[in-house]
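The values are calculated or read from the model by the stated rules, or taken from the named source; none is laboratory data. In this text, all values refer to a predicted model and were calculated from it rather than measured experimentally. Because the Cβ atoms are built from the backbone with ideal geometry, glycine has one as well, and the counts that use them run over all protein chains shown.
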Amino acid sequence: MVEENGSIRTLSVDIGGSGVKAIVLDVMGNPITQRGRLETPQPATPEVVINAIVLLAAAQGEFHRVSVGFPGVVRRGVTETAVNLHPTWIGFDLATGLSQHLNKPVRVINDADMQGLGAIAGKGVELVVTLGTGFGSALFVDGKLVPNMEMGHHPFRKDETYEQQLGRAALEKIGAKKWNRRLERAIATLEHLFNYDYLYIGGGEAVKVDLRLPLNVKLIPNITGLLGGIALWRD
Ligand code: BGC
């Protein structure tokens, strides 16, 4: 890279079930552009989502590398699940595909993992859940990520998963009051399971959380999903 380290800019991208977002971060991880957002094109195949990212990238100015948070299991740049996008994502090499379009190095990680990297303190057991189209989860031990922890599709109650009970579709169906009661039960369950030092709750629907939260449970703004992108380049 010809630039001095201090001027390296990272394009951080968050692929969601309803929106694709992008921002440029400086080398410290501070945002230096206005966040761009496009509705996730439907059906959300790799091709149309990559086109949306290319459009967003063009509006973000100069950058040298790219971090992507993807709503599914990701291993070595390849997307292995995509419950809320399109089945053609299964086995798709997103890191290589996007890198060919943008001519920049690309690193890809699960979206909740990326959100967590932007939120954690780096000490003890830290759990992150994201409330959006899907239900995301990430676990960190002394700052080290346990990758691809997919709690969303794990049974929670009444023969339904966390995502079925607390995802956006459920919120829209049962309303915020009942959804908050369910969330309170989920927090209690997770506390007993993980005995976390901190729980962070993020995602687009975290703004609807209306509970008296214990002191070690914190709501985090949705922009955290993008801010975590800098951590993918901390080698
Ligand atoms: C996916 C997770 C993702 C979450 C939030 C779930 O449906 O399986 O990988 O983190 O949605 O987008």
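Before we move on, is residue 214 outside the structural domain of residue 79 (by TED's automatic domain parsing) and either closer than 24 Å to residue 72 by Cβ or crowded, with 19+ Cβ neighbours inside 10 Å (or both)? The answer is no for residue 214. Elements of the type strands (runs of 3 or more DSSP E) sitting completely within region 152-221 and holding at least 1 residues that are within 19 Å of residue 140 (Cα to Cα): these cover 198-202, 217-219.
For residue 163, the test of being of a type in the set (D, E, K, R), within 15 Å of the ligand (Cβ to nearest atom) and either surrounded by 13 or more Cβ atoms within 10 Å (Cβ to Cβ) or modelled with pLDDT under 95 (or both) is passed.
When only residues in region 42-64 that are within 20 Å of residue 99 (Cα to Cα) and free of Cβ contacts under 8 Å to residues at least 12 places away in the same chain count, which is farthest from the chain's Cα centre (by Cα)? Looking at residues that are within 20 Å of residue 99 (Cα to Cα) and free of Cβ contacts under 8 Å to residues at least 12 places away in the same chain, I get 58.
A quick yes/no check of all residues on (1) at negative phi; (2) of a type outside the set (Gly, Ala, Ser):
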site: 76; (1), (2): no, yes
site: 79; (1), (2): yes, yes
site: 86; (1), (2): yes, yes
site: 95; (1), (2): yes, no
site: 108; (1), (2): yes, yes
site: 113; (1), (2): yes, yes
site: 125; (1), (2): yes, yes
site: 139; (1), (2): yes, yes
site: 143; (1), (2): no, no
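Applying the condition of being out of contact with any helix residue (DSSP H, G or I) (no Cβ under 7 Å at 6 or more places or on another chain) and more than 9 Å from the ligand (Cβ to nearest atom) to region 166-178 and asking which residue is farthest from residue 81 (Cα to Cα) yields 177. Taking region 148-170 as the range and being in contact with a Lys or Arg (Cβ under 8 Å, 6 or more places away or on another chain) and charged (D, E, K, R) as the test, only 157 passes.
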